[in-house]
C-alpha cells in the first residue's frame, strides 16, 4: 500500500529492504543503503525501533538528519520523541487496534470462517525533527 501510494505521487519507492523490527536491523539495512552510489532522501522504516537503528547508522556515517536524509518510523512509541533528533513517526492507535483485532477474531470464531476481512484505522503523522521538506 505504501509503495503504491508513493508511485501514484511519482515518487520512487525503491530500494525496499526487508528487515525485522529491531534496532540492529534498521542499522544494518542503512549500512547496506550507504554502500550504494546514491542514498535516498527519505528512509521510511516499518517501526520506530528500526528507524532509531537507521538514525544510528546514519550518524556514524556522518549523514545529517534531516538535512541529508529524513527518517520516518511507525508506532510513536513512548520514547520516539527522545531520539536525537526527535523521530517523525506515524502514530497508530494501539488501544483501538487491539479492540478491532479482538472483535475481528471473535467474529471469525462465531462465523467459523477461516478467511479474514480488511480493517482500516485512522493514523496520525507526528512531525518531529527527523524529517524535513524535500528540496525542490
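Details
- Per residue convex hull volume, Cα atoms of the chain, in Å³: 130
- You can think of it this way: the chain between residue 17 and residue 64 has 14.8 nm of extra reach, that is 0.36 nm per residue less the Cα-Cα gap.
- Mean separation of Cα contacts under 8 Å (6+ apart) over length of the chain, as relative contact order %: 21
- Principal-axis analysis of the Cα atoms of the chain puts helix 94-111 at an angle of about 40° to the longest axis.
- Cα-based helix-to-principal-axis angle, 48-60 vs the chain, degrees rounded to 10: 10
- Stokes-Einstein diffusion for the stretch 1-78, with the hydrodynamic radius set to the Kirkwood value over Cα pairs and evaluated at 25 °C in a medium of 0.890 mPa s, equals 194 µm²/s.
Each reported figure results from applying straightforward, stated rules to the coordinates on display, with no laboratory input. Just so it is clear, the structure is predicted and the values come from calculations on it, not from any experiment.
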